[in-house]
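The values are calculated or read from the model by the stated rules, or taken from the named source; none is laboratory data. Because the structure is predicted, anything quoted here is derived from the model rather than measured. Ideal geometry is used to build each Cβ from the backbone, glycine not excepted, and the neighbour counts take in all protein chains shown.
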Amino acid sequence: MPIHAMKTFYGDLGATTDTYFLINGNVESQIALIGRDDETNLTLSEVEAAGRFPRVTVAGEFADAQTSGGLPRFVVFRIAAHTAIAERAFELFQERPNRTAEQNWLDAERQLLDL
């Protein structure tokens, strides 16, 4: 399956009976989230603990094919709940209080997504 350049998106995680998707945030409409290949289930246990529709950031790449419903398919390599990013950003603030909240958030996001 041909893959395009690595991207990150944030938004609200949603689900149907067979598909996870990302809405709101910085996505234009909706994107379907899939594992690295069709046989890999997307494991979201760490973010599911954050709530029914947690806010997340995902890192991955778009696949060429769309879902049967016409949604773009986004192959997820890493996913981080915003609650985990906020906790790490606060730890970074405690370690280096001279940085802005935005700098700490972006650093925490990069660390948790292994970017």
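Of the set (1) at pLDDT 90 or above; (2) touching a strand residue (DSSP E or B) at 6+ places or on another chain (Cβ under 6 Å), all apply to LEU22 but (1). With respect to being among the basic types (Lys, Arg), surrounded by 14 or more Cβ atoms within 10 Å (Cβ to Cβ) and within 16 Å of THR8 (Cβ to Cβ), ARG55 fits the description. Scanning the range 53-68 for residues that are out of contact with any Phe, Trp or Tyr (no Cβ under 9 Å at 6 or more places or on another chain) and in a strand (DSSP E or B) yields ASP64, ALA65, GLN66.
Applying a threshold of 8 Å to beta carbon distances and a minimum spacing of six or more residues, or different chains, the list of pairs starting in the range 18-29 at a residue that is on the phi > 0 side of the Ramachandran plot and ending at one that is acidic (Asp, Glu) reads ASN24/ASP12; GLY25/ASP12. Scan the range 50-60 and tell me whether some residue there is on the phi < 0 side of the Ramachandran plot and at pLDDT below 55. Yes, that holds for at least one residue. Only one entry of ALA63, ALA5 meets the criterion of being modelled with pLDDT of 80 or more and either loosely packed, with under 14 Cβ neighbours inside 10 Å or over 25 Å from LEU106 (Cβ atoms) (or both), and that entry is ALA63.
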